[in-house]
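Notes to accompany the following structure.
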Amino acid sequence: MSQPEPLRALDDDHPQSRRVTVSGRVFDVVREAIVQLRFGPGNPLSEADVARQLGVSRQPVREAFIKLAEVGLVEIRPQRGTFVRMISVREVANARFIREAIEVAIVRKAATEASEPHLAVLDDIIAGQRKSAERADHAGFLRLDEAFHQALAHAADCDDAWRVLEGLKAQMDRVRYLSLPEATPIDVLIDQHAQILAGVRARAPEKAEAAMRQHLSEILLSLPRLAEKHPAFFTA
C-alpha cells in the first residue's frame, strides 16, 4: 500500500497554525491520498503506518479516521481495522443532486453580489487552471477546481454553505479524479468555469445557473463509463 507524503510542518506564524489541528492536517493528507486513489477502494489503512509516515502520534490519526468515516471515505470495522470505502454509484448521484441544489443557489447569489476583487480572484484561478492543463497536472487542476467553487461561495457570502458541500462531495471527488482526462477533458471543464464566471460578471443569474447546471452534469455522463472500466473501485 502506498503512503501519502509526510506532513510539512506549518510555521508558528502561519495563520493556519492557529486554526488547523494536527488531526485536521492528517485528515487533509489522507483524504487527498484516497481521492487520488493512492489509497485505493477496499485497501486497509493502518493507524501506525500513517502515524509513522506523517511523523505524528496515533491519536490524531485515529481522530482523522473517524472524520473520514463521517464523510464516507473509510469504514471502521470493529476488531478488523479501517478500510477505504468502495465508491458508491448511488451515493455519488445523490451527492451531485444535493450539490447542484446548493451551488445553483450560490452562483445566483454571486451573480448579484460578487465584487470586482472577487471576480479578479476567480479570473486568477481559471488562469491557474489553464497552466495546470498545459502541464497535464491533474491533481493541481482539481485543487484549483475546488478553489474556484469555494471562491464562488465566498463571493456570495455563503462560506457556511461551502462547508456543508465539503462534507457531501467526498465520494464525488474520487470520481472526478478518475475522470481526468479520459472521461472529461480538462479544457471542457475550464471552458465551463469560464461560462459560469461570465454569467456572474454579467450580473445574469439565469446564465450563471445554466452554466453551473451543465458543469455539474458532467459527472453523470462519466460515472457509468468509469464504473464499467474500473469495476474493482465501484459498488452500487
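Yes/no matrix, rows are residues, columns are (1) open to solvent by less than 40 Å² (accessible area, probe 1.4 Å); (2) among the charged types (D, E, K, R):
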{"site": "Glu166", "(1), (2)": "no, yes"}
{"site": "Asp187", "(1), (2)": "no, yes"}
{"site": "Met212", "(1), (2)": "yes, no"}
{"site": "Glu218", "(1), (2)": "yes, yes"}
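Is there a residue in segment 109-126 that is among the acidic types (Asp, Glu), under 21 Å from Leu221 (Cβ atoms) and surrounded by 14 or more Cβ atoms within 10 Å (Cβ to Cβ)? If you could, list the steps in order and put the result at the bottom.
At the first step, the residues of segment 109-126 found to be among the acidic types (Asp, Glu) are 113, 116, 123-124.
Among the residues that remain, those that are also under 21 Å from Leu221 (Cβ atoms) are: none.
No, segment 109-126 contains no residue that is among the acidic types (Asp, Glu), under 21 Å from Leu221 (Cβ atoms) and surrounded by 14 or more Cβ atoms within 10 Å (Cβ to Cβ).
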Checked segment 194-210 for anything in a loop (DSSP other than H, G, I, E, B) and either loosely packed, with under 14 Cβ neighbours inside 10 Å or not aliphatic (A, V, I, L, M) (or both); matches are Ala202, Arg203
Counting only residues that are of a type in the set (D, E, K, R) and not in a helix (DSSP H, G or I), which one in segment 44-101 is surrounded by the most Cβ atoms within 10 Å (Cβ to Cβ)?
-> Arg85
Restricting the first residue to segment 171-186 and requiring it to be in contact (Cβ under 8 Å) with a residue 24 or more places away in the chain and of a type in the set (Phe, Trp, Tyr), which pairs with a second residue that is open to solvent by 10 Å² or more (accessible area, probe 1.4 Å) and not in a helix (DSSP H, G or I) meet a Cβ separation below 6 Å and a spacing of at least six or different chains?
-> Tyr177/Gln36
What are the residue pairs meeting all of these: first residue in segment 40-59, first residue at negative phi, second residue hydroxyl-bearing (Ser, Thr, Tyr) and open to solvent by 50 Å² or more (accessible area, probe 1.4 Å), Cβ atoms under 7 Å, and 6 or more apart or on different chains?
-> Ala51/Ser57
Please tell me if Arg77 is touching a residue at least 60 places away in the same chain (Cβ under 8 Å) and out of contact with any helix residue (DSSP H, G or I) (no Cβ under 9 Å at 6 or more places or on another chain).
-> no
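Quick one: which residue in Arg85, Arg99 is under 27 Å from Gly140 (Cβ atoms) and in contact with an Asp or Glu (Cβ under 6 Å, 6 or more places away or on another chain)?
Numbers: Arg99 fails: in contact with an Asp or Glu (Cβ under 6 Å, 6 or more places away or on another chain).
Of Arg85, Arg99, the one residue that is under 27 Å from Gly140 (Cβ atoms) and in contact with an Asp or Glu (Cβ under 6 Å, 6 or more places away or on another chain) is Arg85.
Per-residue answers, yes or no, for (1) hydroxyl-bearing (Ser, Thr, Tyr); (2) touching a residue at least 12 places away in the same chain (Cβ under 8 Å); (3) within 23 Å of Leu168 (Cα to Cα):
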residue	(1), (2), (3)
Val104	no, yes, yes
Lys131	no, no, no
Ala139	no, yes, yes
Arg143	no, no, yes
Within segment 80-102, can one find any residue that is in contact (Cβ under 8 Å) with a residue 60 or more places away in the chain and farther than 21 Å from Ser179 by Cα?
-> yes
Among (1) open to solvent by 10 Å² or more (accessible area, probe 1.4 Å); (2) of a type in the set (A, V, I, L, M); (3) more than 15 Å from Val107 (Cβ to Cβ); (4) modelled with pLDDT of 90 or more, which single condition is Ala151 missing?
-> (3)
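The values are calculated or read from the model by the stated rules, or taken from the named source; none is laboratory data. Just so it is clear, the structure is predicted and the values come from calculations on it, not from any experiment. Every residue, glycine among them, receives a Cβ derived from its backbone with ideal geometry; neighbour counts consider all protein chains shown. Quick note on the areas: whole protein, heavy atoms, side chains included, nothing else; ligands and nucleic acids left out. Shrake-Rupley method; radii C 1.70, N 1.55, O 1.52, S 1.80 Å.
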